[in-house]
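Chemist: Mind having a look at this structure? Questions to follow.
The values are calculated or read from the model by the stated rules, or taken from the named source; none is laboratory data. Computed from a prediction, not measured in an experiment: that's the story for all the values here. Neighbour counts run over all protein chains shown; Cβ positions are idealised from the backbone, glycine included. Just so you know, the surface numbers come from the protein's heavy atoms only, side chains and all, with ligands and any DNA or RNA stripped out. Shrake-Rupley method; radii C 1.70, N 1.55, O 1.52, S 1.80 Å.
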Amino acid sequence: MSQALAAFNAFGAESFSSMMCQQAPYFSTIQPTLVELKQGYAEAKVPFRKEITNHLGTVHAIAMCNAAELVAGLMTDATIPSGARWIPQSMSVNYLAKAKTDLRAIANGEGIAWDSAGQKIVPVSVIDEDGQTVFTAEITMNVKLG
């Protein structure tokens, strides 16, 4: 089991989210709360706040990229074989609608072959409070087996 998954299970969502933002301070800009983490799946809530809005009063594109990278990375870490390593290599994003509410970022890697090394494309969706997908991303993770 990955250290991140073990810590999430041991400390719970609130404490883990706080510790995660101390370990990687840039994520604290979106004040995420990881609500679920398991092999093949990660979900985080991002509250709507003025500090992450753009000139239109909607959630800034880069704030949604930040949330996408967070859940994709944690899901990858929780899913790869013991001793493997990973690093994000690229990100392709689509902005589908204005984000005007709290958001949920979801990475679902259940269909990915994690038992081999190489590039793994992790899909991420960002959904608003009305259930509308406002943003999608594909994050390529470079996985090395150890």
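Chemist: Name the pairs whose Cβ atoms lie under 9 Å apart, with the first residue in the stretch 79-105 and acidic (Asp, Glu), the second part of a loop (DSSP other than H, G, I, E, B) and open to solvent by 90 Å² or more (accessible area, probe 1.4 Å), and 6 or more positions between them or separate chains?
Modeler: Short answer, once both residue conditions are applied: 102/129.
Chemist: Follow-up question, since we're still on this one. Hey, can you tell me all the residues within the stretch 35-72 that are assigned to a helix (DSSP H, G or I) and touching a residue at least 24 places away in the same chain (Cβ under 8 Å)?
Modeler: 61, 63, 64, 65, 66, 67, 68, 69, 70, 71, 72
Chemist: Follow-up. Of the numbered conditions (1) more than 12 Å from the chain's Cα centre (by Cα); (2) more than 17 Å from residue 127 (Cα to Cα); (3) surrounded by fewer than 21 Cβ atoms within 10 Å (Cβ to Cβ); (4) modelled with pLDDT of 95 or more, residue 88 satisfies every one except a single condition; which is it?
Modeler: That leaves (1) as the condition not met.
Chemist: Given the criterion in contact with a helix residue (DSSP H, G or I) (Cβ under 7 Å, 6 or more places away or on another chain) and farther than 22 Å from residue 127 by Cβ, identify the matching residue among 24, 44, 4.
Modeler: Testing whether each residue is in contact with a helix residue (DSSP H, G or I) (Cβ under 7 Å, 6 or more places away or on another chain) and farther than 22 Å from residue 127 by Cβ leaves just 4.
Chemist: Of 120, 100, which residue is open to solvent by 40 Å² or more (accessible area, probe 1.4 Å) and at pLDDT 95 or above?
Modeler: The match here is 100.
Chemist: With (1) buried (at least 18 other Cβ atoms within 10 Å of the Cβ); (2) within 11 Å of residue 135 (Cα to Cα); (3) touching a Phe, Trp or Tyr at 6+ places or on another chain (Cβ under 7 Å) as the list, and residue 93 as the residue in question, which single condition is left unmet?
Modeler: Condition (1) is where residue 93 drops out.
Chemist: Please find, within the stretch 1-34, the residue that is farthest from residue 79 (Cα to Cα) out of those that are touching a Lys or Arg at 6+ places or on another chain (Cβ under 8 Å) and in contact (Cβ under 8 Å) with a residue 60 or more places away in the chain.
Modeler: 32
Chemist: Next up: Out of the residues in the stretch 15-52 that are among the acidic types (Asp, Glu) and open to solvent by 60 Å² or more (accessible area, probe 1.4 Å), state the one that is farthest from the chain's Cα centre (by Cα).
Modeler: Among those residues, the one meeting the criterion is 51.
Chemist: Yes or no: the stretch 70-85 includes at least one residue that is of a type in the set (S, T, N, Q), surrounded by 18 or more Cβ atoms within 10 Å (Cβ to Cβ) and under 23 Å from residue 11 (Cβ atoms).
Modeler: Scanning the stretch 70-85 turns up at least one residue that is of a type in the set (S, T, N, Q), surrounded by 18 or more Cβ atoms within 10 Å (Cβ to Cβ) and under 23 Å from residue 11 (Cβ atoms).
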